[in-house]
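A.B. asks: I'd like to ask some things about the structure below.
The values are calculated or read from the model by the stated rules, or taken from the named source; none is laboratory data. On a predicted model such as this, the values are computed, not experimentally measured, just so you know. Cβ: placed from backbone, ideal geometry, glycine included. Neighbour counts: every protein chain shown.
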């Protein structure tokens, strides 16, 4: 079998990019067709992305050494969106291409273009020279194609996906039937607690609605990456006597996360995260049939059509009003729920994601 060298972050820690790669390397369809070798580039601290440190420098030297020792038919690399990371990846791509290795890059976000624009003229010339050697590039949505700045000839869209069996249609229907007579609606925020992901905005909007008398609660799930803002969240919750209404439950995975999704009524992700691409948490919410409220950033606009509210800006008033509409209109919530599930099945199932990448691997080997 042909050998694929996968270069990118593997959990832990958990974030959208690492989960997407984990799904790929564990896929039976991929492993039945190719031999997989993984070079893990994950960092323990995602907040330090793009910042130089001696420790990271030596980690990168080890990564480059491992890649230099390997021989593969395809190098599939989850391309970095920070300047230092991109320069490292350009070196890796150049080394691999010289070994007659086909190159497939996968962009799991929306900041590569900004990073390329920030390069000096000599660095841009290097980027153009190296990226022109890429056989195929992958982005998550049509709006993200321009990130490559025309430096790669073949750019393909492959949407993220999760297993259709993670939450099957029967489980979705059972959950919907249990929500018919609910008095207190459960809102879920499922993402790492990074300020620009909007967790503080979510909490403040919910508190304002609680003060107006709405029967709702907010569950925040994910890893804390911004300790200072997390402490601010706890202070806001305490000051407004909302300890029993707004709860942080930490990282959730597997059956615990599945149960959380099925018991929720609305998913809220008011993100303004600058490298946002196509959040897997939103796909998970769609699989559970949740109405989605999120922001027009990355290619989230391709995910939210008739299944929730797409906000132009992430502000407390805009989030509050979107929540109010869904809370007050039960029929709208039900309609959005079924539309979410239908969009998931049509566009965001794992088999479509895996097949899309496999087809690209097969194509570049011809």
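A.B. asks: With (1) out of contact with any helix residue (DSSP H, G or I) (no Cβ under 8 Å at 6 or more places or on another chain); (2) modelled with pLDDT of 85 or more; (3) under 18 Å from residue 93 (Cα atoms) as the list, and residue 17 as the residue in question, which single condition is left unmet?
C.D. replies: Condition not satisfied by residue 17: (3).
A.B. asks: For the subset of segment 295-320 comprising residues that are within 17 Å of residue 162 (Cβ to Cβ) and not in a loop (DSSP other than H, G, I, E, B), which member is farthest from the chain's Cα centre (by Cα)?
C.D. replies: Step by step, filter segment 295-320, then rank; the result is 302.
A.B. asks: State all residues of segment 110-127 that are touching a helix residue (DSSP H, G or I) at 6+ places or on another chain (Cβ under 7 Å) and not in a helix (DSSP H, G or I); if no residue qualifies, say none.
C.D. replies: Once the filter is applied, which keeps residues that are touching a helix residue (DSSP H, G or I) at 6+ places or on another chain (Cβ under 7 Å) and not in a helix (DSSP H, G or I), segment 110-127 yields 110, 119.
A.B. asks: Additional query: Find all pairs meeting these conditions: Cβ atoms under 7 angstrom apart; at least six residues apart or on different chains; first residue within segment 302-331 and touching a residue at least 24 places away in the same chain (Cβ under 8 Å); second residue surrounded by fewer than 21 Cβ atoms within 10 Å (Cβ to Cβ) and part of a loop (DSSP other than H, G, I, E, B).
C.D. replies: Cβ pairs passing all conditions: 302/141; 311/296; 314/272; 327/214.
A.B. asks: Please pick out the residue among 352, 330, 346, 358 that is surrounded by fewer than 15 Cβ atoms within 10 Å (Cβ to Cβ) and under 21 Å from the mean Cα position of the chain (by Cα).
C.D. replies: The unique qualifying residue is 346.
A.B. asks: Just wondering, is there one or more residues in segment 132-150 that are assigned to a strand (DSSP E or B) and closer than 30 Å to residue 217 by Cα?
C.D. replies: Looking through segment 132-150, none of the residues is assigned to a strand (DSSP E or B) and closer than 30 Å to residue 217 by Cα.
A.B. asks: Please go through segment 170-190 and pick out each residue that is farther than 16 Å from residue 267 by Cβ and assigned to a helix (DSSP H, G or I).
C.D. replies: 170, 171, 173, 174, 177, 178
A.B. asks: Related question: Looking at segment 354-365, I want the residues that are under 11 Å from residue 29 (Cα atoms) and have a partner that is part of a helix (DSSP H, G or I) and modelled with pLDDT under 95 with Cβ atoms under 8 Å, at least 6 apart or on another chain. Which pairs are those?
C.D. replies: Pairs found: 354/23.
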